């Protein structure tokens, strides 16, 4: 009986046909590195911000591209990934911003792709390759930032691993600090890059508690060595990098400003206290960077805050959120307006607001001038740049 070849699915046939006609970047000279991660919010953007500054000390012309982005804003009429906009705002990359962020995955992108995968795949690949050639033009090296873990984008046949393969890049993987868990996750992600024939030239562990830096560096390096992955660096956890400012909080909780926005929107919040106690007991919980969440009718707390603001050098709070959409007495509002205390009002109750703030994912923004020098110094001090450059 004649042996029959296994049938391939229509999607597999479509993808194979498209891959045979793949566009490739014409740029073969520019050194390139793809920055991946084991999960979202592991710190790819932080690493890229620091690496870019470090590479600028070694190369005259450094480029950047995030081929596929999921969080974007309108810039010059284009949907531009937030991270591309951030890096360009800080470093002025001297590349058209549209070339730094060619593909924005909006809410309907995946459905549009699945309705017409062959045409959409070819079009997307062409846009990525064209943008890469523009972003890498006359550059000595270029950073390529991925999106999420190695498999993100598989649903439209352009996972991070496939994009790195398309751009012929070597890879570093970012993971959160620890020993067993990050090594396991790096192994899982490395398997997808291995499948594409790509070299993972190193890993960076992020957000490691400072007192555990030496221990993690020692044992994680041993664990990664068994995978054939060098440990390029271990970055300490910096509370300021995960601390939101009041403007970010107001946006997250859908609050509106009633006082102090001009001077208070960039106040960094390190601690949240719910005003479920009297004002005199709240004092025991205050420290610089404290945000108080309380209903608008807690006049004792508001009067205490107003009084403390009038005493020179006695600013004990960084902001107040008034909950349940309760407006203070008009006379108290007038007294508040004579101070620069940042005050936000919101419809939700205190515990809902506190929970929302606790769950926030805090992204670095161009306005975060206090964070950028810390990120640069942290990466320069803790990532072995010479080892990375040798792997280019």
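At a glance:
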read-out	value
Residue within segment 243-254 that is surrounded by fewer than 16 Cβ atoms within 10 Å (Cβ to Cβ) and over 30 Å from residue 392 (Cα atoms) present	yes
Any hit, segment 237-249, residues being within 22 Å of the chain's Cα centre (by Cα), modelled with pLDDT of 95 or more and in a strand (DSSP E or B)	no
Any hit, segment 142-152, residues being surrounded by fewer than 18 Cβ atoms within 10 Å (Cβ to Cβ) and out of contact with any helix residue (DSSP H, G or I) (no Cβ under 8 Å at 6 or more places or on another chain)	no
Checking residue 112 against (1) surrounded by fewer than 17 Cβ atoms within 10 Å (Cβ to Cβ); (2) within 21 Å of residue 198 (Cα to Cα), the condition it does not meet	(2)
Of all residues making up segment 72-94, the number that are surrounded by fewer than 17 Cβ atoms within 10 Å (Cβ to Cβ) and either closer than 16 Å to residue 376 by Cα or touching a residue at least 40 places away in the same chain (Cβ under 8 Å) (or both)	3
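The rows are residues; the columns are (1) at pLDDT below 95; (2) in contact with a helix residue (DSSP H, G or I) (Cβ under 6 Å, 6 or more places away or on another chain); (3) under 29 Å from residue 358 (Cβ atoms); (4) not assigned by TED's automatic domain parsing to the domain that holds residue 146.
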{"position": "171", "(1), (2), (3), (4)": "no, yes, no, no"}
{"position": "180", "(1), (2), (3), (4)": "yes, no, yes, no"}
{"position": "220", "(1), (2), (3), (4)": "no, no, yes, no"}
{"position": "261", "(1), (2), (3), (4)": "yes, no, yes, yes"}
{"position": "266", "(1), (2), (3), (4)": "yes, no, yes, yes"}
{"position": "269", "(1), (2), (3), (4)": "yes, no, yes, yes"}
{"position": "276", "(1), (2), (3), (4)": "yes, no, yes, yes"}
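The values are calculated or read from the model by the stated rules, or taken from the named source; none is laboratory data. Just so it is clear, the model here is predicted, and its values are computed rather than measured. Neighbour counts are summed over all protein chains in view; Cβ atoms, including those assigned to glycine, are modelled from backbone coordinates with ideal geometry.
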